[in-house]
Amino acid sequence: MPFRYVRPIDAPDAGRALAEPSSVPLGGGTDLLVTMHEGLATPSTLVDLRRVPGSDAITTASDGTLTIGGSARLADIATHPHVRAHYGVLAEACESVGTTQLREMGTLGGNLCQRPRCWYFRRGVSCFKSGGNRCPAAQGENQYLGVLGGGPCHAPHPSDPAVALTALEATIMVGSATHERRVPMGMFYDATDVTRETVLAPGEYVRAVELSPANAGPVQRYEKLMQRGAWDFALVSLAAVRRTDGDVRLVLGGVAPKPWRVTSSIEEDVASGGLDEETIAVLAERALYDAAPLSQNGYKVTQAEALLRRAMAVIAR
Ligand SMILES: Cc1cc2nc3c(=O)[nH]c(=O)nc-3n(C[C@H](O)[C@H](O)[C@H](O)COP(=O)(O)OP(=O)(O)OC[C@H]3O[C@@H](n4cnc5c(N)ncnc54)[C@H](O)[C@@H]3O)c2cc1C
């Protein structure tokens with residue numbers, strides 16, 4: 001399918017271009033071009049957001065608020081001194097993405113908005129995500145799918161940075177031709193339409209991501225379990241943060257269509273500290289109480305509990 005390629009000169013120009021029907025944002029193109037090749041996306045126009053001056057900037061305000069432009073490359077976020085010093089869980093998550101080449105090309109906005117990796121969806125088999133009325137994976141090959149969230153689509157969101165940004169309670173700054181709005185990271189993947197993943201409306205895009213130092217703190221870790229030792233999506237991952245005010249955030253990746261924040265009562269128990277091994281094991285099990293594994297992915301429950309136990313042992317002793 002032929003398409004147009006547009007290089008906007010500034011944010012209003014980008015907003016105008018994206019307001020055209022069937023225009024989509026282009027980041028590094030590492031997923032978009034693949035989905036076009038697979039026939040999953042047929043845009044009329046690609047709007048290259050990387051060409052908007054300043055859209056890849058990583059800046060710190062005097063109060064410590066960090067703003068990362070939607071076109072910032074994952075490699076630049078992972079190596080940025082302020083990100084590494086104050087938002088280590090995000091640096092680690094970006095560092096864990098795929099390969100060096102993907103991190104050099106992939107942008108934060110594109111990574112957060114990449115499409116799920118379910119084989120059936122990617123290969124054009126009719127399913128809820130592609131507008132059909134069934135989930136072939138539910139009775140088929142489902143070893144990489146989610147165990148939480150209840151469907152009807154069980155494909156987990158593949159982004160590692162999204163898991164870290166949820167633990168850091170980041171804010172997505174959404175741009176468009178007509179308005180700007182702020183979406184808390186915890187609500188970014190609450191799409192009501194199963195054929196989409198994010199709450200972005202047509203014409204909207206991730207202009208930037210904002211991080212507050214109040215949501216960061218001295219203990220931050222990102223741990224990711226993969227089938228291969230490297231270059232792979234998470235089977236299960238965990239972002240854990242103990243904030244400066246003592247609060248704890250625990251967010252699982254690879255287990256649900258969105259980053260899955262552990263129940264707040266469990267986070268509070270962990271924050272209270274002084275937990276022995278037995279209590280930690282009980283809390284980790286409780287965190288997965290609602291899990292409903294499919295026929296081939298029960299191992300994800302075991303993996304998620306193991307990651308939680310490891311993180312709690314560091315945070316809650
Ligand atoms: C082999 C392989 C391994 C991978 N491993 C991992 C991994 O371990 N962890 C992980 O997190 N990812 C992984 N990925 C995914 C990879 O990180 C993404 O392809 C990449 O981050 C997408 O970024 P991009 O800038 O190239 O997005 P693009 O391909 O340009 O865009 C992706 C989607 O986002 C939309 N988009 C782009 N920019 C914006 C914006 N600013 N606002 C709104 N929408 C936008 C596009 O329209 C498109 O729908 C892997 C990919 C491959 C091929």
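Within the stretch 21-56, being open to solvent by 40 Å² or more (accessible area, probe 1.4 Å) and farther than 29 Å from Val125 by Cα holds for Arg50, Arg51, Pro53, Gly54, Asp56.
Apart from one condition, His82 fits all of (1) within 8 Å of the ligand (Cβ to nearest atom); (2) surrounded by fewer than 16 Cβ atoms within 10 Å (Cβ to Cβ); the exception is (1). Checked against (1) away from the ligand (no atom under 11 Å from the Cβ); (2) not in a helix (DSSP H, G or I), Asp56 passes all but a single condition, namely (1). Listed by first and then second residue, the pairs with beta-carbon distance under 9 Å, at least 6 apart or on different chains, first residue in the stretch 223-245 and farther than 19 Å from Thr302 by Cβ and part of a loop (DSSP other than H, G, I, E, B), second of a type outside the set (Ser, Thr, Tyr) and open to solvent by 80 Å² or more (accessible area, probe 1.4 Å), are Arg243/Pro218; Thr244/Pro218. Quick check: anything in the stretch 244-252 within 16 Å of the ligand (Cβ to nearest atom), out of contact with any Cys (no Cβ under 6 Å at 6 or more places or on another chain), open to solvent by 10 Å² or more (accessible area, probe 1.4 Å) and at pLDDT 95 or above? No: zero hits. Select from the stretch 186-201 the residues that are more than 11 Å from the ligand (Cβ to nearest atom) and in contact (Cβ under 8 Å) with a residue 40 or more places away in the chain and list them in ascending order. The answer is Gly186, Tyr189, Asp190, Val194, Thr195.
Asn142 falls short on exactly one of the conditions (1) more than 14 Å from the ligand (Cβ to nearest atom); (2) in contact (Cβ under 8 Å) with a residue 60 or more places away in the chain; (3) open to solvent by less than 10 Å² (accessible area, probe 1.4 Å); (4) in contact with a helix residue (DSSP H, G or I) (Cβ under 8 Å, 6 or more places away or on another chain), and that condition is (4). Note on the stretch 187-204: among residues that are touching an Asp or Glu at 6+ places or on another chain (Cβ under 7 Å) and of a type outside the set (Val, Ile, Thr), the one that is surrounded by the fewest Cβ atoms within 10 Å (Cβ to Cβ) is Ala191.
Could you please find all residues in the stretch 269-298 being closer than 23 Å to Pro156 by Cβ, without any contact (Cβ under 8 Å) to a residue 24 or more places away in the chain and either assigned to a helix (DSSP H, G or I) or hydrophobic (A, V, I, L, M, F, W, C) (or both)?
Matches in the stretch 269-298: Glu285, Arg286.
Of all the residues in the stretch 1-20, those that are among the β-branched types (Val, Ile, Thr) and either closer than 29 Å to Trp119 by Cα or surrounded by 15 or more Cβ atoms within 10 Å (Cβ to Cβ) (or both) number 1.
Can you give me the ranges of the helices (runs of 4 or more DSSP H) entirely in the stretch 88-203 with at least 2 residues that are aliphatic (A, V, I, L, M)?
The helices (runs of 4 or more DSSP H) meeting that bar are 88-95, 100-105, 108-112, 160-167, 185-188.
When the stretch 107-117 is examined, which residues are found to be open to solvent by less than 20 Å² (accessible area, probe 1.4 Å) and either closer than 12 Å to Asp56 by Cβ or more than 6 Å from the ligand (Cβ to nearest atom) (or both)? Hits for the stretch 107-117 are Thr107, Leu108, Gly109, Leu112, Pro116. Picking from residues in the stretch 9-36 that are assigned to a helix (DSSP H, G or I) and free of Cβ contacts under 8 Å to residues at least 60 places away in the same chain, the one that is farthest from the ligand (Cβ to nearest atom) is Asp13. Scoring Arg207 on the criteria (1) of a type in the set (D, E, K, R); (2) away from the ligand (no atom under 11 Å from the Cβ); (3) open to solvent by 50 Å² or more (accessible area, probe 1.4 Å); (4) not assigned by TED's automatic domain parsing to the domain that holds Gln296 leaves a single failure, condition (2).
The values are calculated or read from the model by the stated rules, or taken from the named source; none is laboratory data. Predicted model only: the values in this text are computed from it and were never measured. In this analysis, Cβ positions are derived from the backbone assuming ideal geometry, glycine residues included, and neighbour counts consider all displayed protein chains. Each accessible area value is taken on the protein alone, full model and side chains, heavy atoms only, with ligands, DNA and RNA left out. Shrake-Rupley method; radii C 1.70, N 1.55, O 1.52, S 1.80 Å.
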